[in-house]
Protein chains: 2
Amino acid sequence: MPEFLELHSKTSKVLRAAADAAVQRHGLRLGQDHLLAALWAEDGRTPGEIAAAVNVTTPAVTKLATRLAEAGLLERRPDPRDNRLVRLWLTPAGRALQVPIEAERQQLEDRITATLTKTERAHLLKALGKIHQALVDGP
Amino acid sequence: MPEFLELHSKTSKVLRAAADAAVQRHGLRLGQDHLLAALWAEDGRTPGEIAAAVNVTTPAVTKLATRLAEAGLLERRPDPRDNRLVRLWLTPAGRALQVPIEAERQQLEDRITATLTKTERAHLLKALGKIHQALVDGP
DNA sequence: CTGGGAACGTTAACCGGTAAACGATCTGCT
DNA sequence: AGCAGATCGTTTACCGGTTAACGTTCCCAG
């Protein structure tokens, strides 16, 4: 297997596991925090808007929303002006998770970047950005 | 969301999509190629060995193996000396995929690293390696 | 005003992955 | 020799994600 693909895959997997563990300490599962983050940034968005913001398909959001609603972290309410739309609203419990989850996430970021010098970190971000752009542009 | 985590997540997703598309052109799904790669490197391994080599749990391998067996790419055969063990053996069809899949994978790696200079690529690999190591060592 | 297309969210069917429980086999110790 | 514990693959039950099909609702052209 090519060098970068191999390394990225391994890093990705262990990073995912670390993020999952961090978020799970607060009763969430990986991905659910992203949906909540979209609502922390702006409450009352629609599933479609959230899906676009989080780079996920709409069905993924509706399933996550169902679970988060069952957990009492958000509420589904119809849009008063357009009945096709559903808007997701944070409950107090959902809003209360913002500080601890964001702290957890920052702590993980710090743990990672602590192993790098400032210039290493800058180079890494630049390279990753280039790769992301190249892939988005397509072949 | 912290900067590196955000960028890595996005890059990871688009990279996964690209790899999936590449491998799907040959009738495979993402992850199945990793299992096959483990057998190309050494045929007749057990699910547990493959799981360790690919950084995946054993049940994941048995499920993939079932699908690959149904597709006629590998065979399950019992170990003659230890009846607990099952060994996975490539069929000719499974072996025939090695060249095209590896080419596809190399092409993707090239497409990615083409956007980087030699030193950028070296720095990227080094930084990713550091991060991987830091996460594996744990908190 | 009315019909047809567009824009939504949801559902269903998959897939890869995990953790936990299960069942069969081997092995080491007394 | 025989039993207890370790080892291994599979099954089951989840979860997040995708694509495709579906049912509503809105909106606009005729």
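Here, each number is a calculation from the coordinates, and none is a lab measurement. These figures come from a predicted structure and were not determined experimentally. As a convention, Cβ positions derive from the backbone with ideal geometry for all residues, glycine included, and neighbour counts pool all protein chains shown.
The table below lists the values:
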quantity: Alpha-carbon centroid distance for the pair region A:1-49 / region A:64-139, whole angstrom; calculated: 7
quantity: Residue order, fewest to most surrounding Cβ atoms within 10 angstrom, among A:Asp33, A:Asp137; calculated: A:Asp137, A:Asp33
quantity: Inter-copy spacing of B:Thr66 label points, which lie 7 Å from Cα along Cα→Cβ, given in nm from shortest upward; calculated: 2.3
quantity: Listed residues B:Ala69, B:Ala41, B:Ala51, most fluctuating in chain B (Gaussian network, C-alpha, under 10 Å); calculated: B:Ala41
quantity: Computed magnitude of the charge dipole of chain B (debye, nearest 20; Cβ of K, R +1, Cβ of D, E -1); calculated: 140
quantity: For B:Leu85, distant residues with modelled amide H under 5 Å away; calculated: B:Asp79
quantity: Prolate/oblate/rounded call for chain B, Cα gyration tensor, a/c under 1.5 rounded; calculated: prolate
quantity: Highest-MSF residue in chain A out of A:Ala38, A:Ala60, A:Ala114 [GNM, Cα springs under 10 Å]; calculated: A:Ala114
quantity: For the protein assembly as shown, size of Cβ-based charge dipole, Lys and Arg +1, Asp and Glu -1, in debye; calculated: 260
quantity: Pseudo-label separations to other copies for A:Arg95 - Cα-to-Cβ vector, 7 Å, nm; calculated: 6.6
quantity: Whole-Hz ³J(HN,Hα) from phi, Karplus 6.51 cos²θ - 1.76 cosθ + 1.60, for region B:56-63, glycine and proline x; calculated: 9, 7, 5, x, 4, 5, 5, 5
quantity: Label geometry 7 Å along the beta-carbon vector: A:Ala21 inter-copy distances in nm; calculated: 3.5
quantity: Listed residues B:Arg81, B:Arg16, B:Arg111, most fluctuating in chain B (Gaussian network, C-alpha, under 10 Å); calculated: B:Arg81
quantity: Helix-derived mean residue ellipticity, 222 nm - over the protein assembly as shown, DSSP H n ≥ 4, -39500 (n - 2.57), to 500; calculated: -21500 deg cm²/dmol
quantity: Test item: A:119-127 mean partner chain Cβ contacts at 10 Å; calculated: 6
